Amino acid sequence: MVESHRERSFIMIKPDGVQRGKVGEIISRFEKKGFKMVAMNMTAASKAHIEEHYDEHRERPFFPPLVSFMTSGPVVAMVWEGHNVIKTGRKMIGATNPDNADPGTVRFDTAINFRKQIIHASDSKESAEKEINLWFKSGVVDWKHHSEEWIYEV
Ligand code: CDP
Ligand code: MG
């Protein structure tokens, strides 16, 4: 397989997305596009785990309320694989502030608030690697999608 088809991104449905019943819709959007799920886990993440996930924001004023929100209920952690999935995943979720997100994106279509906007997606190869290692310590599932040859030129 072409190496770029193996790119992986960490995608997480935040507690508001779980509570508001968006799990199926979000999985569906990534499946429809042709990406392949290679890991999924529903979990109530600990404070320390969320702090590690959002380590880059530790000094920001919104860090404590963000951690509190992210530990207020279960999240669905996933890894999706496919060509350019990191950049495309960010496009699919939309801008951080739903006010600035484009129609058709998850955040525009399902959220209003700056903090409670349903979904997280890795923003670079480095953060994807860090986040996948943090959330899926025992690794992801290597499997062949039956319609791979209909999604890519192989
Ligand atoms: O999630 P994304 O990478 O788009 O945004 P970020 O700037 O890395 O911020 C991480 C998360 O912190 C956001 O998704 C929001 O949930 C939250 N946030 C917040 O609560 N208040 C802010 N002023 C900015 C971000
Ligand atoms: Mg970010």
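The values are calculated or read from the model by the stated rules, or taken from the named source; none is laboratory data. Not measured: the values here are computed from a predicted model. Positions of Cβ are generated from backbone atoms using ideal geometry, with glycine treated the same way; all protein chains shown enter the neighbour counts. Ligands, DNA and RNA are stripped out before the accessible areas are found, and what is left, the full protein with its side chains, is counted by its heavy atoms. Shrake-Rupley method; radii C 1.70, N 1.55, O 1.52, S 1.80 Å.
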Phi angles of segment 80-94, converted by Karplus (6.51 cos²θ - 1.76 cosθ + 1.60, θ = phi - 60°) into ³J(HN,Hα) in whole Hz with x for Gly and Pro, give 10, 10, x, 4, 6, 5, 5, 5, 5, x, 5, 5, 5, 7, x
The ³J(HN,Hα) series, computed from each phi in segment 29-44 with the Karplus coefficients 6.51, -1.76 and 1.60 at θ = phi - 60°, rounded to the nearest Hz and given as x for glycine or proline, is 4, 6, 5, 4, 5, x, 6, 10, 6, 10, 6, 7, 8, 8, 8, 8
Heavy-atom accessible area of Glu25, protein chains in place, probe 1.4 angstrom, given in Å² to nearest 10, is 70 Å²
GNM of the chain, Cα pairs under 10 angstrom: of Ser127, Ser138, Ser46, the biggest fluctuation goes to Ser138
FRET efficiency (Trp143, Ser72; Cβ distance; R0 41 Å; to 0.05) is 0.80
Applied in sequence order to segment 136-153, the curve 6.51 cos²θ - 1.76 cosθ + 1.60 (Karplus, θ = phi - 60°) yields integer Hz couplings, x standing for Gly and Pro, of 10, 4, 8, x, 10, 9, 8, 9, 9, 6, 5, 9, 3, 6, 9, 9, 10, 7
Percent relative contact order for the chain, counting Cα pairs under 8 Å at least six residues apart, stands at 35 percent
Residue-normalised 222 nm signal for the chain, counting each DSSP H run of n ≥ 4 as -39,500 (n - 2.57), nearest 500 deg cm²/dmol, is -10000 deg cm²/dmol
Arg90 and Asp109 label points (each 7 Å along its Cα→Cβ direction) are spaced in nm at 2.1 nm
